[in-house]
Amino acid sequence: MRTVSLLSTIALTLLLSACGSQPPAPEQNPSGVESRTPAAVEPAPTTSKIESFDPMSVAALKDPRSPLSKRSIYFDYDSYVVKDEYQTLLATHGKFLAANPNMKMLIQGNADERGSREYNLALGQKRAEAIKKSLSLLGTREDQLEAVSLGKEKPTCSEFTEECWAKNRRGDMLYSGEF
């Protein structure tokens, strides 16, 4: 009996020791590592480049840092009065035209879709003329300015909301080469 108990203890010990350890995991292939080199990074603009920005140059017309890149004057509903908030913008465009006497500006008056075609053409013309008059009062030569109406024919937004209609009640200023 003692032998059976001893053999059982040894068998149990061997069994437990066999369960206590796990066989080593099979060696895994490491996943591939891509060799990446950073792409050439353009250096940030230096201060000398920023300082060389000429606000009265023709390049300023398309530079988003320049107020000259803003070309629309917005109007209230059924109005052709240029709001005070646009006087600074118009003064900047007036200075640009004075500094560039060969440049010409086409002012396009627009209206929202409400109203008849004839009414919107007349309102668009009044808006374009109001912008032209403001620029003339700021010293811009008449022969540099032309005012036309597009009525409701060139909307920037086509939804039936007040926000969208407000975007269409505007005068757009285009320079030589853009019209």
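Among the residues of region 85-133, the ones that are touching a strand residue (DSSP E or B) at 6+ places or on another chain (Cβ under 8 Å), over 16 Å from Glu178 (Cβ atoms) and in a helix (DSSP H, G or I) come to 15 in all. Across region 65-94, the number of residues qualifying as surrounded by 12 or more Cβ atoms within 10 Å (Cβ to Cβ) and either over 20 Å from Glu163 (Cα atoms) or among the small types (Gly, Ala, Ser) (or both) comes to 12. Every condition in (1) in contact with a Cys (Cβ under 9 Å, 6 or more places away or on another chain); (2) of a type in the set (S, T, N, Q); (3) open to solvent by 20 Å² or more (accessible area, probe 1.4 Å) is met by Asn168 except one, and the failing one is (3).
Would you say Pro155 is in contact with a strand residue (DSSP E or B) (Cβ under 9 Å, 6 or more places away or on another chain) and not hydrophobic (A, V, I, L, M, F, W, C)? Don't jump to the end; show me each part of the working.
On the way: in contact with a strand residue (DSSP E or B) (Cβ under 9 Å, 6 or more places away or on another chain): yes; not hydrophobic (A, V, I, L, M, F, W, C): yes.
It is true that Pro155 is in contact with a strand residue (DSSP E or B) (Cβ under 9 Å, 6 or more places away or on another chain) and not hydrophobic (A, V, I, L, M, F, W, C).
Does Ser72 qualify as being of a type in the set (Gly, Ala, Ser) and in contact with an Asp or Glu (Cβ under 6 Å, 6 or more places away or on another chain)?
Yes, satisfied.
On the given criteria, is Thr140 polar (S, T, N, Q), surrounded by fewer than 17 Cβ atoms within 10 Å (Cβ to Cβ) and either touching a helix residue (DSSP H, G or I) at 6+ places or on another chain (Cβ under 6 Å) or modelled with pLDDT of 95 or more (or both)? Don't jump to the end; show me each part of the working.
Details: polar (S, T, N, Q): yes; surrounded by fewer than 17 Cβ atoms within 10 Å (Cβ to Cβ): no; either touching a helix residue (DSSP H, G or I) at 6+ places or on another chain (Cβ under 6 Å) or modelled with pLDDT of 95 or more (or both): yes.
So Thr140 fails the test.
The set of residues in region 84-118 that are aliphatic (A, V, I, L, M) and either touching a helix residue (DSSP H, G or I) at 6+ places or on another chain (Cβ under 7 Å) or closer than 14 Å to Leu137 by Cα (or both) comprises Leu89, Leu90, Ala91, Leu97, Ala98, Met103, Met105, Ile107, Ala111.
Note on region 105-120: residues that are farther than 9 Å from Lys152 by Cβ and crowded, with 18+ Cβ neighbours inside 10 Å total 4.
The values are calculated or read from the model by the stated rules, or taken from the named source; none is laboratory data. Everything numeric here is computed off the predicted structure, so don't read it as measured data. Here Cβ is always computed from backbone atoms with ideal geometry, including for glycine, and neighbour counts include all displayed protein chains. Each accessible area value is taken on the protein alone, full model and side chains, heavy atoms only, with ligands, DNA and RNA left out. Shrake-Rupley method; radii C 1.70, N 1.55, O 1.52, S 1.80 Å.
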